[in-house]
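Working notes, beginning with the structure itself.
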Amino acid sequence: KLLLEVKDLTAVIAESHQKILSGVNLKFYEGEVHAIMGKNGSGKSTFSKVLVGHPDYEVTGGTVTFKGQDLLEMDPEERSLSGIFMGFQSPVEIPGVSNADFLNMAYNARQRKLGLPELGPIEFFSHVYSKLEMVNMEMDFLNRSVNEGFSGGERKRNEILQLAVLGADLAILDEIDSGLDIDALQDVAKAVNGLLTLKNSVLMITHYQRLLEYIKPAHIHIMENGRIVKSGDETLASVLEKEGYKAISSV
Ligand code: ADP
Ligand code: MG
Ligand code: MG
């Protein structure tokens, strides 16, 4: 079943009207894992921000259909409630609030807005507990203050835990691999792979080919100058690895 369809999407920076997206096309079916790759500055982050309704950008053309609905008509909160999750680039620290309490509040707030039952602390704990091992995390993660004193890798893994616990029909992970050393990268990759076994639909965005050594998306798209210039299966990753972006560049 079609989850997300992007047709000829164009967008500019709201303030300067500079064109960044110049006609993005993408079709995404439920349960799939896609990666968008491309050089720095090709428009990857802009594309993901436009999908979640970031106010810095203005859509100037094209359509985005998510679960049969016009996504561009929705405000950012409606998009989130309809099932799109985007990882935060720099997650906030909340001293004195444990991860478990924070997740429970976030979970219940979402359930409330969707008119679904909330979970008390004990029920919620078993819900979280079932996800912990999946995303390769220890119990003590739950008792720590939100993101306080977390290493870069721990923050990213915490983001994956949030996603696993809160749930999303489409998770967008922008540069989940950036700034991590190889050990942290492997830990994060394990967490993402755990998430994938939960049958989530995931759109990974990355500049680095090395992430794809650990996480294997079935569909890979190359973005260049604000549009997707090539799409293919995982073999595209090995072409990239051997020959770099030049080999598949449109220019
Ligand atoms: P990527 O994520 O592929 O590295 P981005 O989407 O972040 O690319 O950026 C694409 C281009 O648009 C870059 O040249 C970037 O400098 C520019 N850009 C994106 N957002 C803004 C903004 N809010 N203000 C000014 N320039 C921006
Ligand atoms: Mg960038
Ligand atoms: Mg980016």
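The values are calculated or read from the model by the stated rules, or taken from the named source; none is laboratory data. Fair warning: this is a prediction, and the values are worked out from it, not measured in the lab. Note that each Cβ is placed from the backbone with ideal geometry, even for glycine, and that neighbours are counted across all protein chains shown.
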Single condition K49 does not satisfy, out of (1) of a type in the set (K, R); (2) within 14 Å of ligand 2 (Cβ to nearest atom); (3) in contact (Cβ under 8 Å) with a residue 40 or more places away in the chain; (4) over 24 Å from I248 (Cα atoms): (3)
Determine whether the stretch 168-176 contains at least one residue that is of a type in the set (A, V, I, L, M), modelled with pLDDT of 85 or more and over 13 Å from the mean Cα position of the chain (by Cα). no
So I94, is it surrounded by 14 or more Cβ atoms within 10 Å (Cβ to Cβ), at pLDDT 85 or above and either of a type outside the set (D, E) or over 30 Å from E5 (Cα atoms) (or both): no
Could you tell me whether Y107 is more than 16 Å from ligand 2 (Cβ to nearest atom), of a type in the set (F, W, Y) and closer than 25 Å to D177 by Cβ? no
Pick from K39, K44: which is within 16 Å of ligand 2 (Cβ to nearest atom) and modelled with pLDDT under 95? K39
Counting only strands (runs of 3 or more DSSP E) entirely within the stretch 183-251, those with at least 2 residues that are modelled with pLDDT of 90 or more, over 20 Å from I160 (Cα atoms) and among the aliphatic types (A, V, I, L, M) are 219-224, 227-232
Might you let me know whether the stretch 60-72 holds any residue that is in a helix (DSSP H, G or I) and either surrounded by 14 or more Cβ atoms within 10 Å (Cβ to Cβ) or without any contact (Cβ under 8 Å) to a residue 24 or more places away in the chain (or both)? yes
Is there a residue being out of contact with any Phe, Trp or Tyr (no Cβ under 9 Å at 6 or more places or on another chain), hydrophobic (A, V, I, L, M, F, W, C), within 13 Å of ligand 1 (Cβ to nearest atom) and closer than 16 Å to F66 by Cα anywhere in the stretch 24-42? no
So I20 clears everything in (1) more than 18 Å from the chain's Cα centre (by Cα); (2) surrounded by fewer than 18 Cβ atoms within 10 Å (Cβ to Cβ) except one condition, right? Which one? (2)
